[in-house]
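Working notes, structure below.
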Amino acid sequence: MLVLKGIPASPGIAIGRAIVVPGESLATTKHYIALEAVSGELHKFQQALQKTMLELDECSQKVRATLGPEYAGLMETHKLILQDPTLKDAVIHKINTDYLTARSAISLTLGELAANFDKIEDPFFKERRNDIFDAGKRLLANLEGNKRDFLSSIKRPSLLVAHDLFPSDTISLPEKQILGFCTDVGGKTSHTALLAQSLNIPAVVGLSTASKDVANGDQLIIDGENGLLVINPDRYTLANYRQIKREIKKTESLLKTINHLPVITQDGHRVHLYVNYDPRTDNKYNKTLITDGLGLLRTEFLFMNTPVPPAEEAQYKIYLSVAKRFDMRPVTIRLADLGADKMPDFALDELDEDDNPFMGCRGIRLLLKNPELLHTQLRAIVRTACEVPAQIRVMIPMVSSVEEVRHVRAAFDQILQEFAEKGKKPLNKIALGAMIEVPAAAIALDGMINDLDFISIGTNDLIQYLVAVDRVNPEVAHMYDPCHPAVGRTIHNIIQTAHKRSKTVSICGEIASDSKMLPLLLGWQVDSLSVTPRMYLRVKNNIRNLNFEHCSDMAQAALLMGSSAEIRNLVEDNQYENS
Amino acid sequence: MVQKELTILNRLGLHARPAARIVQTAAMFESDIELTKDHVTINAKSIMGVMMLAAEFGASVCVTAKGSDEVQAIAALEKLFNDKFNEEF
């Protein structure tokens, strides 16, 4: 038994037999042929080229629908690379006069072309060498013993193991036969992760060596909950995972029975439960959920993997489809929280490398320095509100002072004015709120609450800043502590300040779906929570099993406690009693 | 042979999408079309060539066309450059 640790990309447990997708690498050794073989190799090259072009044509449309226009655009670029006379001429020359095999000729040509790109200083243009490699590998895969046929020939339910999957590969997968997949490369938001989420199958990425460690036919467990791949599990592990899988299934079918019921506590206290929504990973399951609205639409994805900032039109289309999807229920759009770990490819004004990016230029700070990004996004949102009678709420990320709020409000008013001059007006008033995640904003909230329509607490970052702990640093990660007395008191103060001015408070972040912390959040009188679609019914079920009066007592007690240990005991004892 | 000096007017330069537009436009003509920037000359029908120019905002690029439809080819490319490659930024 071997256990590999990777990045959980799509939740769930899959158990089954492995199919390893053969990788394509650029050969550096030269294989020569006899003169008589030249025309045969030329033919092979032309055939592979033709086949690859057809394949790209077929996939382009499907990719546009599932992964979005940025990947479809990538496939167009790949097509042009394969049609490029520079590539074609060099390969044909190498076969014709150097007597190389088609495979060697293609590999060598790709290497030479990519080397030219290494000389370029501009990092964006330099990156294009990866496109050449990708397009080239696709071509190599279509030379004889062919990988795409391989994928579509999978006949029985299997777990797929690959070094990496092309967007086009993931499209040609026989969906019903793939129980889950894992790859050596990729991150939480890579196209493989998004695809797995939209197919609703478990996936683990970033496993480094999985494609080498796994052999065809090995028994595998993909643990998409914890990001683990178990190869040839022992009997005990296998039985354990089968049990977990059964339980997940049982809980899920039980939870479905409360889908249509209201989100209220046993004693009738109403809490609004919103969903965090990502249009890229919407799947059948998510569509069946009945929710109170959209609590967090992250918009960073529109700004990533693109050489230019997204145009108003492109943003408008997405916001419009989201607003329609949620009909008359609230739709909370967070302005792009770029910076820190989400840095776009395109050049931004006044932005140099940050030594400490989480305390640097991110969120609203970055938007105010690049006003055209802010204005374009606000314009797209206002345009959406003029089109459909949605309840749109705009959320400002990383606010630390009232001046920032006023700058955004001024830009927003100016845009409303521009629309008014064209005779257009939002069908419903757009609310403007702030994400409270900087302690300074939490402490001095009374100074900015009058300028805001609503508050949302971003607990992941707020806790990180409150206890001064970087969760990524293993030395201190254990000190990241939602039970720290400072966390509860800060959340409570925010809610009190907002309620004094009759403004609502929503909580998003992992704490919102933490069953232990839930009674405290309710007891401090939070108005709404926003959780992932997957956690939605679980949290709803937990709320429906709570007693609000009891929560209030607990929450009051927690505010008087002076240590994490006391608060942890309180919430854990409570959970134990209830179960 | 026709030659024309053109300037990159879109803010983000000749990245993948504008490069693709140039190649697609050039491919519609029979003439040989070349782009020259900083003494580097490339074939305008080659996407890798155009991307390798790494032409940024404000850069000046010399377009040369030679062939039966050279005049039309230059006119089409000039329009493309002036329309900022139909990009919004």
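No lab work stands behind these numbers, since they all come straight from the coordinates. Note that the structure is predicted; figures quoted are calculated from it, not measured. Cβ sites come from the backbone with ideal geometry, for glycine too, and all protein chains shown count toward neighbours.
General observations
- Relative contact order (percent, whole number), chain A, Cα cutoff 8 Å, 6+ residue spacing: 13
- Across the options B:Ile42, B:Thr64, B:Leu53, the greatest Cα extent toward the positive end of the charge dipole of the stretch B:2-86 (unit charges at beta carbon of Lys, Arg, Asp, Glu) belongs to B:Leu53.
- With a Förster radius of 30 Å applied to the C-beta separation of A:His43 and A:Glu112, the computed FRET efficiency comes to 0.85.
- Over the stretch B:2-86, the alpha carbon radius of gyration divided by the compact-protein estimate 2.2 N^0.38 Å works out to 0.94.
- Mean residue ellipticity at 222 nm, helices only, chain A: -14500 deg cm²/dmol; runs of at least 4 DSSP H residues each add -39,500 (n - 2.57), and the sum is divided by the number of residues.
- Here the stretch A:193-293 is described by how far its Cα atoms reach on the three principal axes: 54, 32, 18 Å, from widest to narrowest.
- For the stretch A:390-401, 3J(HN,Hα) computed residue by residue from phi via the Karplus equation (6.51, -1.76, 1.60; θ = phi - 60°) reads 8, 8, 8, 10, 9, 10, 9, x, 6, 6, 10, 9 Hz, glycine and proline entered as x.
- Distance (nanometres) between label positions extended 7 Å along Cα→Cβ at B:Arg11 and A:Leu54: 4.4
- Segment A:Leu348-A:Ala420, extension gain: residue separation times 0.36 nm, minus the distance between their alpha carbons: 22.9 nm
- For the stretch A:308-427, the alpha-carbon coordinates run over 44, 27, 25 Å along the three principal axes, in decreasing order.
- Label-point separation in nm, A:Thr257 to A:Asp234, each point 7 Å along Cα→Cβ: 3.9
- Nonlocal amide H pairs with B:Ala55, under 5 Å, H built at 1.01 Å: B:Leu14
- The modelled label-to-label distance for the pair A:Leu289/A:Lys317, using points 7 Å beyond Cα in the direction of Cβ, is 2.6 nm.
- Each residue of the stretch A:551-565 was assigned a 3J(HN,Hα) from its phi angle through the Karplus curve 6.51 cos²θ - 1.76 cosθ + 1.60 (θ = phi - 60°); the sequence is 4, 4, 4, 4, 5, 5, 4, 4, 5, 8, 7, x, 9, 4, 4 Hz, with glycine and proline shown as x.
- Around the Cα centre of the protein assembly as shown, unit charges on the Cβ atoms of Lys, Arg, Asp and Glu (plus for the first two, minus for the last two) sum to a dipole of about 2240 debye.
- Per-residue HN-Hα couplings for the stretch A:440-452 [Karplus 6.51, -1.76, 1.60; θ = phi - 60°; Hz; x = Gly/Pro]: 4, 5, 5, 6, 9, 4, 4, x, 10, 4, 5, 8, 10
- Ordering of A:221-228, A:239-246, A:500-507 by packing [mean C-beta count within 10 Å, highest first]: A:221-228, A:500-507, A:239-246
- With contacts taken as Cα pairs under 8 Å and at least 6 residues apart, the stretch A:503-579 reaches a relative contact order of 34 percent.
- As a rough footprinting exposure proxy, the listed residues A:Lys44, A:Lys212, A:Lys284 were ranked by other beta carbons within 10 Å of their own, and the order from fewest upward is A:Lys284, A:Lys212, A:Lys44.
- Between A:Ala440 and A:Asn226, the contour length at 0.36 nm per residue exceeds the Cα-Cα span by 73.6 nm.
- Cα gyration tensor, the stretch A:368-476 - rounded (a/c under 1.5), prolate or oblate: prolate
- The amide H of A:Tyr274, built 1.01 Å from its N in the peptide plane, has A:Leu529, A:Ser530, A:Val531 as neighbours under 5 Å, considering only residues 5 or more places off or on other chains.
- Ordered by the number of other Cβ atoms lying within 10 Å of each residue's own Cβ, fewest first, A:Glu313, A:Glu421 fall into the sequence A:Glu421, A:Glu313.
- Across A:Lys44/B:Lys37; A:Lys212/A:Lys250; A:Lys79/B:Lys79; A:Lys317/B:Lys45; A:Lys62/A:Lys176, pairs whose alpha-carbon gap is larger than 27 Å: A:Lys44/B:Lys37; A:Lys212/A:Lys250; A:Lys317/B:Lys45
- Near B:Ser31: Cβ cut-off under 11 Å, other residues only, Lys/Arg at +1 and Asp/Glu at -1. The net charge is -3.
- Taking the fewest neighbouring Cβ atoms within 10 Å as the starting point, the ordered list for A:Leu366, A:Leu348 is A:Leu348, A:Leu366.
- Against chain A, whose longest principal axis comes from its Cα atoms, helix A:38-66 is set at around 20 degrees.
- Measuring r between the beta carbons of A:Arg544 and A:His478 and using R0 = 35 Å, the FRET efficiency lands at 0.60.
- Contact order normalised by residue count of the stretch A:436-550, Cα under 8 Å, 6+ apart, percent: 25
- Spherically averaged projected area in nm², based on the convex hull that wraps the Cα atoms of chain A: 29.4
- Aspartates and glutamates with Cα under 20 Å of A:Lys425, excluding same-chain neighbours fewer than 8 positions away: A:Glu312, A:Glu313, A:Asp327, A:Glu387, A:Asp413, A:Asp453
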